[in-house]
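All remarks here apply to the structure that follows.
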Amino acid sequence: MSETLPQAAGNLPELTVSEIAGAVKRTLETAFGRVRVRGEITEMKLYPSGHTYMALKDEGAKIRAIIWKGNAARLGMKPENGVEVIATGRITSYPERSEYQLIIERLDYAGEGALLARIEALRQRLLAEGLFEAARKRKLPMLPRIIGVVSSPQGAVIQDIKTTIARRFPSHIILWPVAVQGEAAAGQIAAAIAAFGALRPGGPVPRPDVLIIARGGGSLEDLMAFNDEAVVRAAAASPIPLISAVGHETDTTLIDFVSDRRAPTPTAAAELAVPDRIALAADLAQSGARLSGALLRLTQTIRLRLDRAAGSLPDLPALLGTARQRLDDRAERLALALPNLVSNRRAGFDRLAGRLLHPRELIARKRHDLDLLSHRLATPLRGSLREHRLRLDALAGRLETLSYNAVLARGFALAIDQEGNALTGAAAARAARRMTIRFHDGDVAVQTTSSTPLQPSLDL
């Protein structure tokens, strides 16, 4: 039986998998080169290496994308899931997975509408938190000694601020240089605001009295750093009063809502920060003139009032002379009155002395009176005493007659118990057991031995 040999594969070259993958990679990179792809960011993940992996999708397809660590700072925006962007980069492939992918070099928001929607969503969220409340606004200091500026060190913005402050009211300016657009701008601006607020008053770097956050005009994408949530929260948390001056007069960013004052331009911000010294000097001169006029009018009014009061006052020197003369007259009369008083008192004493009795005569008179009184009292007193003595003797006889001692003397006796109570019957005597028999000449203690009643004796 004959064996059928397989036909030859023709002229197709035999390629390895790596060769095919390399050919596809070269074809993609050659055919497309740099491209701009519009899509929504999804599946974004930042690896510890610093590279960012994600995908861009639309209604019909999805493409893998990578942001290398070295390009992250130059993207132009911070990537987030769900944000529609325009990614600029180059198409290549990843042979190990047979996938094509986009190496992203720049990111931009996909249209102004998407940017505005994102800003509005953040504004509503911060508004609900109360960060835009009018009660949070603080008054700016009238004469700040130090002014802090957060802006780019290049360009006309900082020069306009310096020129305006030097013209209006020269003050010390501290510039914190930051990027005002690009991916790194938001972080630098937020850090600068927080760093100014962390300075200690009187430290090596003096703490500003007011802050100006400024940049010139630009597109909505250029101003996005001032719509960043971190910048807005840093401005809201600043302990230093803050003026925002971002863009032109028609531009509005979220930092304007949390700042204490919004200026349409950086020059206007400098005018808000410091007063006009010429106008201030004019106001001071006018206030000084008004104060001097008011003091002059007040002085004139007081002088006129004093003159009227002086006219109604009496002649003080004349009053003093009259008072002095009256004092001299009273002193002279007093010098004469004292001897006269003494003389009058002595004459009165002499008259009284003539009418007074000698003590011996007074004592003799009192003794005579006492003898008469004693004699008058002695006679009736002796008769009264005899009468009362007779009455007392009669009462004593009657009392002796009625006393039980007289009965005891006739041969009777009195039985009393231990408490001293009289026993008036045999039952009481038997119950007492112990008793005392009292005779007219003494007491005898008795103890009963039988409770049997005594029978009367029939023997006579």
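The values are calculated or read from the model by the stated rules, or taken from the named source; none is laboratory data. Here the structure is a predicted model, which means the values were calculated and not measured. Cβ: placed from backbone, ideal geometry, glycine included. Neighbour counts: every protein chain shown.
Tabulated values for the structure
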quantity	calculated
Tally of residues being modelled with pLDDT under 85, more than 30 Å from residue 105 (Cα to Cα) and of a type in the set (Val, Ile, Thr) across region 1-34	1
Restricting region 142-201 to residues that are surrounded by fewer than 14 Cβ atoms within 10 Å (Cβ to Cβ) and part of a helix (DSSP H, G or I), the residue that is modelled with the lowest pLDDT	156
Residue ID - nearest to residue 25 (Cα to Cα), chosen from residues in region 78-109 that are hydroxyl-bearing (Ser, Thr, Tyr), out of contact with any Phe, Trp or Tyr (no Cβ under 6 Å at 6 or more places or on another chain) and assigned to a strand (DSSP E or B)	92
Flag for residue 126 being under 23 Å from residue 214 (Cβ atoms) and outside any loop (DSSP other than H, G, I, E, B)	yes
Every residue from region 238-257 that is assigned to a helix (DSSP H, G or I) and out of contact with any Phe, Trp or Tyr (no Cβ under 7 Å at 6 or more places or on another chain)	256
Residues of region 95-146 that turn out to be in contact with a Leu (Cβ under 8 Å, 6 or more places away or on another chain) and of a type in the set (A, V, I, L, M), as a count	9
Search result, residues across region 214-237 that are within 19 Å of residue 123 (Cα to Cα) and either charged (D, E, K, R) or part of a strand (DSSP E or B) (or both)	221, 222, 228, 229, 233
Given (1) in contact with a helix residue (DSSP H, G or I) (Cβ under 8 Å, 6 or more places away or on another chain); (2) on the phi > 0 side of the Ramachandran plot, index of the condition residue 155 fails	(1)
Subset of region 47-77 (residues that are without any contact (Cβ under 8 Å) to a residue 24 or more places away in the chain, assigned to a strand (DSSP E or B) and among the charged types (D, E, K, R))	57, 62
Leading residue by the ranking (surrounded by the fewest Cβ atoms within 10 Å (Cβ to Cβ)) among those in region 258-267 that are part of a helix (DSSP H, G or I) and more than 39 Å from the chain's Cα centre (by Cα)	267
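Quick grid of which residues meet (1) modelled with pLDDT under 80; (2) in a loop (DSSP other than H, G, I, E, B); (3) among the acidic types (Asp, Glu); (4) farther than 30 Å from residue 447 by Cα:
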| residue | (1), (2), (3), (4) |
| --- | --- |
| 346 | no, no, no, yes |
| 350 | yes, no, yes, yes |
| 361 | yes, no, yes, yes |
| 387 | no, no, yes, yes |
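Results for (1) on the phi < 0 side of the Ramachandran plot; (2) polar (S, T, N, Q); (3) within 38 Å of the chain's Cα centre (by Cα), shown as yes or no for each residue.
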{"position": "243", "(1), (2), (3)": "yes, no, yes"}
{"position": "285", "(1), (2), (3)": "yes, no, no"}
{"position": "292", "(1), (2), (3)": "yes, yes, no"}
{"position": "304", "(1), (2), (3)": "yes, no, no"}
{"position": "308", "(1), (2), (3)": "yes, no, no"}
